[in-house]
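Below: the structure, in structure tokens.
Derivation of every value follows stated rules applied to the coordinates shown; laboratory data play no part. Note that the structure is a prediction, hence the values are computed from the model and not measured. Positions of Cβ are generated from backbone atoms using ideal geometry, with glycine treated the same way; all protein chains shown enter the neighbour counts.
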Amino acid sequence: MKIKEIVLVLRKDGVFHFQNRLIPSVRPGSGFAVGLLLEASEVDKDFNLAPGEGLLFISAKDIKEIMEALDKSDKLTFEMLKAPWGGERPRKLKVTDFI
């Protein structure tokens, strides 16, 4: 597999807004999530994986882009909620966030 696109996905009031669709979320709440759209690559054939399986080789560039997207999703979530959120990746608040 390879990363086709890194996307920010809005979840508002327990509903994901993705590609002009509304998808109910298992978890309630609002914020932004980072998603990876993946596509098949030659490595899937190399490893002779079963249908529905994939192997993602990730580069340092991919990790950097994902981290930037996570930072952006944290910022957008904070701006939406106007408060720290209780996620697994707590945002480090800055004084400028409150000005």
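Averaging the Cα positions of each part gives two centres, and for region 63-83 and region 1-48 these lie 15 Å apart.
Counting neighbouring Cβ atoms within 10 Å and putting the fewest first, the residues Ser73, Ser30 line up as Ser30, Ser73.
Are any of the pairs Lys4/Lys82; Lys12/Lys64; Lys4/Lys75 more than 30 Å apart by Cα-Cα distance, and if so, which? All intermediate terms of the calculation are to be shown ahead of the outcome.
Working: Lys4/Lys82 32 Å; Lys12/Lys64 27 Å; Lys4/Lys75 24 Å.
Exceeds cut-off: Lys4/Lys82.
Converting phi to 3J(HN,Hα) with the Karplus coefficients 6.51, -1.76 and 1.60 and the offset θ = phi - 60°, region 12-28 yields 10, 6, x, 10, 6, 10, 9, 6, 6, 10, 10, 10, x, 9, 5, 9, x Hz in sequence order, with x at every glycine or proline. Between the amide H of Phe18 and those of Ile23, distances stay under 5 Å, these residues lying 5 or more places away or on another chain, with hydrogens modeled in the peptide plane.
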